[in-house]
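Q: Structure incoming, see below.
The values are calculated or read from the model by the stated rules, or taken from the named source; none is laboratory data. The shown structure was predicted, so the numbers you read here are calculated from the model rather than taken from an experiment. FYI the Cβ positions are ideal-geometry reconstructions off the backbone, even for glycines, and counts take in every protein chain you see. Note: accessible area is taken over every heavy atom of the protein model, side chains too, but ligands, DNA and RNA are not part of it. Shrake-Rupley method; radii C 1.70, N 1.55, O 1.52, S 1.80 Å.
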Amino acid sequence: DIENAYKSLTAFLEMHLSLDKQIMSDRNAEMQTRFNTDKVLDENENLLKATTDKELQLQIMQRNESLQIVIIILVAIILIIVSVFAYKQLKRKRKYQNLALTDELTSLSNRRAIYSQSDNFIKHAKLSRQPFSIILFDADHFKQVNDKFGHDIGDKVLVKLASLTMGMMRETDVVGRVGGEEFLVLLPNITHNTAMEIAQRLLDCIANYDWSHIAPDLQQTVSAGVASLENEAELSP
């Protein structure tokens with residue numbers, strides 16, 4: 001029965017091809033699944049590795065942050081130490097400057113300081129065309145004070161002369177000790193006549209002071225001279 005045999009063979013072949021396709025499809029699906037599983041495993045491993053790397057980076061960042069805090073603290077300590085040292089150096093420098101420009105006994109400007117200040121006053125007076133006067137005075141018979149009462153009393157007399165003079169002057173005036181018992185007063189914006197009046201009041205104030213507070217039977221006066229700026233360029237003339 002050739003015809004039926006052919007049909008049966010054809011049906012068998014079709015069924016066999018169909019089964020082969022199914023088997024191939026199943027195998028492909030299995031291979032695909034295996035491939036996807038491996039891929040997933042690889043991705044999971046990569047994710048785990050990435051997570052581990054991030055944790056390490058986080059630990060490093062935390063350690064760096066701690067180091068930064070330590071460094072900031074150390075820098076702050078160093079800055080504080082340097083600032084304190086610089087402040088002490090500045091105070092020491094100012095102290096030495098004050099010592100270099102201040103009379104140790106009376107705390108007035110010394111000769112060097114008051115001559116420097118006078119030059120500034122003279123320059124300003126010339127530029128602004130303002131008057132400028134000075135009073136130079138010294139203690140009368142001061143050697144006799146030292147000989148009779150002693151140098152300690154003499155020092156107290158000089159200190160009191162400085163105090164009385166400073167008490168009579170303005171904040172803009174400058175009083176200095178330029179010699180043993182010699183004092184100089186700088187009077188910016190003061191005319192000659194006014195300077196004469198100030199000098200007379202100063203002489204009267206010192207003469208009328210009760211010097212017995214320093215030593216019994218002590219009397220002290222001063223002699224003063226007044227000069228006003230004309231065409232001079234410096235203090236000495």
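Q: If you average the alpha carbon positions of the stretch 161-237 and of the stretch 33-73, how far apart do those two centres end up, in angstrom?
A: 85
Q: A further question follows. Just to be sure I understand: of the beta bridges DSSP finds with both ends in the chain, what percent are antiparallel, rounded to 5?
A: Here the antiparallel bridges make up roughly 95 percent for the chain.
Q: Ignoring ligands, DNA and RNA, what percent of the 1.4 Å accessible area of the chain is carbon and sulfur?
A: Working: 9790 of 17310 Å².
Result for the chain: 57 percent of the exposed heavy-atom area is carbon or sulfur.
Q: Now a separate question. Using 1/(1 + (r/R0)^6) with R0 = 45 angstrom and r between the beta carbons of Asp147 and Ser83, what's the FRET efficiency to the nearest 0.05?
A: 0.25
Q: Once the Cα atoms of helix 192-208 and of the chain are each reduced to a long axis, what angle between those two axes, in degrees from 0 to 90 to the nearest 10, is obtained?
A: Orientation of helix 192-208: about 80 degrees from the principal axis.
Q: If I take R0 = 45 Å and measure r between the Cβ atoms of Leu48 and Asn28 in this structure, what FRET efficiency does the formula 1/(1 + (r/R0)^6) give, to the nearest 0.05?
A: E between Leu48 and Asn28, to the nearest 0.05, is 0.90.
Q: Now for a different question. Tell me which label goes with the value of volume of the Cα convex hull per residue in Å³ computed from the coordinates here: [x] 261; [y] 133; [z] 243.
A: Given [x] 261; [y] 133; [z] 243, the structure-derived one carries the label [x].
Q: Taking K and R as +1 and D and E as -1, what net charge do the other residues with C-beta under 13 Å from the C-beta of Thr51 add up to?
A: On the way: positive: Lys49, Lys54; negative: Glu43, Glu45, Asp53, Glu55.
Local net charge: -2.
Q: Please calculate how many Å² of accessible area the stretch 56-96 carries per residue, with a 1.4 Å probe and no DNA, RNA or ligand atoms counted. It would help to have the intermediate numbers written out before the result.
A: Values: 3980 Å² over 41 residues.
I get 97 Å² per residue for the stretch 56-96.
Q: Then there's this: For labels at Ile71 and Asp140 in the simple 7 Å Cα→Cβ model, what's the distance in nm?
A: Placing both labels 7 Å along Cα→Cβ, they lie 7.7 nm apart.
Q: How large is the dipole of the stretch 163-237 about the Cα centre if only Lys and Arg carry +1 and Asp and Glu carry -1, each at its Cβ, rounded to the nearest 20 debye?
A: Values: 3 positive and 11 negative charges, 26 e Å.
So the magnitude is around 120 debye.
Q: On a full-extension model of 0.36 nm per residue, what is the gain between Thr37 and Asn4, subtracting their alpha-carbon distance, rounded to one decimal in nm? Let's see the in-between values first.
A: Working: separation 33, 0.36 × 33 = 11.88 nm, distance 4.83 nm.
So the chain would gain 7.1 nm between Thr37 and Asn4.
Q: Ignoring ligands, DNA and RNA, what accessible area per residue does the stretch 1-42 give at 1.4 Å, in Å²? Let's see the in-between values first.
A: Values: 3960 Å² over 42 residues.
Roughly 94 Å² per residue, with all protein chains present.
Q: Right, here's the next one. Can you check what the net charge comes to around Ile214, using other residues whose Cβ is under 12 Å from the Cβ of Ile214 (Lys, Arg +1; Asp, Glu -1)?
A: -2
Q: For the chain, give the magnitude of the charge dipole about the Cα centre (Cβ charges: +1 Lys/Arg, -1 Asp/Glu; no others), in debye to the nearest 20. Before the final figure, lay out each step's value.
A: Working: 26 positive and 32 negative charges, 170 e Å.
The calculated dipole for the chain is roughly 820 debye.
Q: Could you tell me the calculated FRET efficiency between Ala207 and Glu104, based on Cβ-Cβ distance and R0 = 30 angstrom, to the nearest 0.05?
A: 0.65
Q: Here is a follow-up. Tell me, what is the percent relative contact order of the chain, built from C-alpha pairs under 8 Å that lie six or more residues apart?
A: Relative contact order of the chain: 21 percent.
Q: Using the Cα gyration tensor of the stretch 61-176, with a ≥ b ≥ c the square roots of its eigenvalues, what is the shape: rounded (a/c below 1.5), prolate (a/b larger than b/c) or oblate (neither)?
A: oblate
Q: Can you show me the helix-derived [θ] at 222 nm for the chain, built from DSSP H runs with n ≥ 4 at -39,500 (n - 2.57) apiece and divided by the number of residues, rounded to the nearest 500.
A: The helix contribution divided over the chain gives -24500 deg cm²/dmol.
Q: Given the Cα-Cα distance of Asn120 and Arg92 and 0.36 nm per residue of separation, how much length would full extension add, in nm? Don't skip to the end; give the middle numbers.
A: On the way: separation 28, 0.36 × 28 = 10.08 nm, distance 2.59 nm.
Difference between extended and current length: 7.5 nm.
Q: Taking the dipole about the Cα centre of the chain, with the C-beta of Lys and Arg at +1 and of Asp and Glu at -1, give me whichever of Ala5, Pro131, Met15 is farthest to the positive side.
A: In the chain, that residue is Pro131.
Q: Could you tell me which GluC sites (Glu not before Pro) in the stretch 54-121 are loop residues by DSSP with no more than 12 other beta carbons within 10 angstrom of their beta carbon?
A: In loop regions of the stretch 54-121 (DSSP not H, G, I, E or B), the sparsely surrounded GluC sites (Glu not before Pro) are Glu104.
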